[in-house]
Amino acid sequence: MLKLDGMAVTSPAVSPLLSLPGAVAAEAPDEGVAAHYGDPLREQRRLANGQGFVDLSHRGVVRVSGPDRLSWLHSLTTQHLTELPPGQATVTLVLSPHGHIEHAMYVVDDGEALWAHVEPGTAPALVAFLDRMRFLLRVEVEDLTDAYAVVYEPVPEPPADPAVLARVTDTGRELFLPRERLAAYGAEHANPAGVWAYEALRIEAHRPRVGNETDHRTIVHELGWIPSAVHLDKGCYRGQETVARVQNLGRPPRRLVFLHLDGTEEKLPATGAPVELEGRQIGFVTSAARHHELGTVALALVKRNTPVDAVLSADGVPASQDVIVPA
């Protein structure tokens, strides 16, 4: 049993793709899949060039079926879902009553059910919450993590096989593969890349991740998640009052920044490490990676009023900022 911001999560199964040549197992929160296959920087370059795949089979898979599924989820989460067309990918968030981020659901509807992948080990807690909210509506919620595995391919178009469900975005596609097909997939496809490469490209793209960029009090405005995961012109949902108040009045207490770290240091800042300005802590590192072009980079949450041109110290390493969320 693991913990994610104080919430109990289940441990993921070990992927059969860890038996591929060169595989080195990842650590929390990504244990169960490969961190890399011998050359993480080369793996990054291949992904950036549209080649290879990433085993994300440690992520949870949730399916919501029934004729009321879209209107029901629309009423519970941050995204406008009532008219979500089949095949269109989006992101929706589950917030606490006080507007703090609890879950991010990366969703696609196949016309009969909505599928989502979520952070490793969190599907049981999400399903338990959704089950409590069903009441008399015609919906069914299932945790299909044991039956389906997620695989990322850096190809932003639907797969050739229409029988394979995929969530297609502008950066690639996320396949929902029957788990018994995962080993065969790994044997048939070249250039596997580990989660280190995937995370480096995620950090470069400024995409937040629940459990890394969030703590128990994170709100959506701090992460710049409004454009992609929150619809501002929809009806009530849990946590909406906080979203509306910050949207109308401004001034979220913190903001997400992208950090370029001094390349003379080999040290990679740890998640949760302090970010300081002139010896005073003003935030913490949320994610860090070695990028194939940019060197050592990180995301961090800092106080909103931190000067955008200030040189910071991340876990003792000098770092300059790129603005993600305006001060």
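Table for the structure above
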{"quantity": "Net charge of neighbours whose Cβ lies under 10 Å from the Cβ of G172, counting Lys and Arg as +1 and Asp and Glu as -1", "calculated": "-2"}
{"quantity": "Neighbourhood net charge (12 Å Cβ-Cβ; Lys/Arg +1, Asp/Glu -1) for S75", "calculated": "+3"}
{"quantity": "Expected-Rg normalisation [2.2 N^0.38 Å, Cα atoms] applied to the stretch 33-188", "calculated": "1.08"}
{"quantity": "Net charge over other residues, Cβ less than 14 angstrom from the Cβ of N248 (K, R count +1; D, E count -1)", "calculated": "0"}
{"quantity": "Area projected by the alpha carbon convex hull of the chain, averaged over all directions, nm²", "calculated": "16.2 nm²"}
{"quantity": "Computed over the stretch 74-138, the ratio Rg/Rh where both radii use C-alpha atoms and Rh is Kirkwood", "calculated": "0.94"}
{"quantity": "Accessible solvent surface per residue of the stretch 177-327, calculated while the other protein chains remain in place, 1.4 angstrom probe, Å²", "calculated": "47 Å²"}
{"quantity": "Under 5 Å, built H, 5+ apart or other chain: amide partners of T145", "calculated": "V61"}
{"quantity": "Listed peptides 226-234, 26-34 by packing density, highest first (mean Cβ within 10 Å)", "calculated": "26-34, 226-234"}
{"quantity": "Label point distance in nm, A270-A147, each placed 7 Å from Cα along Cα→Cβ", "calculated": "4.1 nm"}
{"quantity": "Full-extension gain in nm, K234 to T82, via 0.36 nm per residue minus C-alpha separation", "calculated": "53.7 nm"}
{"quantity": "The chain: calculated mean residue ellipticity at 222 nm from DSSP helix runs of at least 4, using -39500 (n - 2.57)", "calculated": "-5000 deg cm²/dmol"}
{"quantity": "Charge dipole (debye, nearest 20) of the chain; +1 at Cβ of Lys and Arg, -1 at Cβ of Asp and Glu", "calculated": "780 debye"}
{"quantity": "Whole-number percent relative contact order across the chain, with pairs defined as alpha carbons under 8 Å at least 6 apart", "calculated": "19 percent"}
{"quantity": "Surface accessible to a 1.4 Å probe, per residue, for the residues of the stretch 64-155, Å²", "calculated": "38 Å²"}
{"quantity": "Residue-span extension gain [V14 to N305] - 0.36 nm each, minus C-alpha spacing", "calculated": "100.4 nm"}
{"quantity": "Cα principal axis extents for the stretch 117-205, largest first, Å", "calculated": "47, 31, 23"}
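The values are calculated or read from the model by the stated rules, or taken from the named source; none is laboratory data. Bear in mind that the values here come from a model prediction, so they are computed numbers and not experimental data. Positions of Cβ are backbone-derived with ideal geometry, glycine not excepted, and every protein chain shown enters the neighbour counts. For accessibility, only protein heavy atoms count, side chains too; no ligands or nucleic acids. Shrake-Rupley method; radii C 1.70, N 1.55, O 1.52, S 1.80 Å.
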